[in-house]
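The values are calculated or read from the model by the stated rules, or taken from the named source; none is laboratory data. Since this is a predicted model, take the numbers as computed values, not measurements. Ideal geometry is used to build each Cβ from the backbone, glycine not excepted, and the neighbour counts take in all protein chains shown.
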Amino acid sequence: MQEYERKQLLAKVEREGATVGADIPERIAVQGEEIDLQEFVFEIKRRETIPSGERDRVETAKKNLRRERLQRKQRLEDGDADVSYEEGERLVEAIVGIDRALNALENLSPTDLEREEERQEMQDRKRWMNFLKKALGQKDASGGRTNR
């Protein structure tokens, strides 16, 4: 593959809207293991929330997909690698498909609504306590006394 062809293929990978209209690959080898990527993503997206047991599986899948994407992109970037233009096009298609799958998995509805609600309640309580301490003239969060 010529250097200008390599640069064109890399530009396709890095293009901002590269995943628009791209398909998630049905099957893909990730870290040496064949997985039904499209089925996995659709199965996870169908659920309103992800159960805690599945959350670890999703996070592991995302980590493995990122690693696989990086390896494929490095293979494409490597000027010394013996990669034909046709193989480069297949790499770009796979990378964009992985990006599409990652986008779908990253944009899931909040995975744990209860945890998010608890976090917001804790922040509300903290703000309320700080307000009460200031209003009552007690020490504020910085350790100094506040004036009434």
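Per-structure values
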| item | result |
| --- | --- |
| Those helices (runs of 4 or more DSSP H) lying entirely in region 1-91 with at least 3 residues closer than 13 Å to L105 by Cβ | 37-46, 52-77 |
| Enumeration of residues in region 30-69 that are surrounded by 12 or more Cβ atoms within 10 Å (Cβ to Cβ) and within 17 Å of R90 (Cα to Cα) | V30, L37, L65, E68, R69 |
| Subset of region 70-84 [touching a residue at least 40 places away in the same chain (Cβ under 8 Å), surrounded by 13 or more Cβ atoms within 10 Å (Cβ to Cβ) and more than 15 Å from I98 (Cβ to Cβ)] | E77, V83 |
| Residues (modelled with pLDDT of 75 or more, more than 10 Å from the chain's Cα centre (by Cα) and more than 22 Å from R75 (Cβ to Cβ)) located in region 95-121 | E118, R119, Q120, E121 |
| Residue identified as over 13 Å from the mean Cα position of the chain (by Cα) and within 18 Å of A18 (Cβ to Cβ) among K73, K126, K133 | K73 |
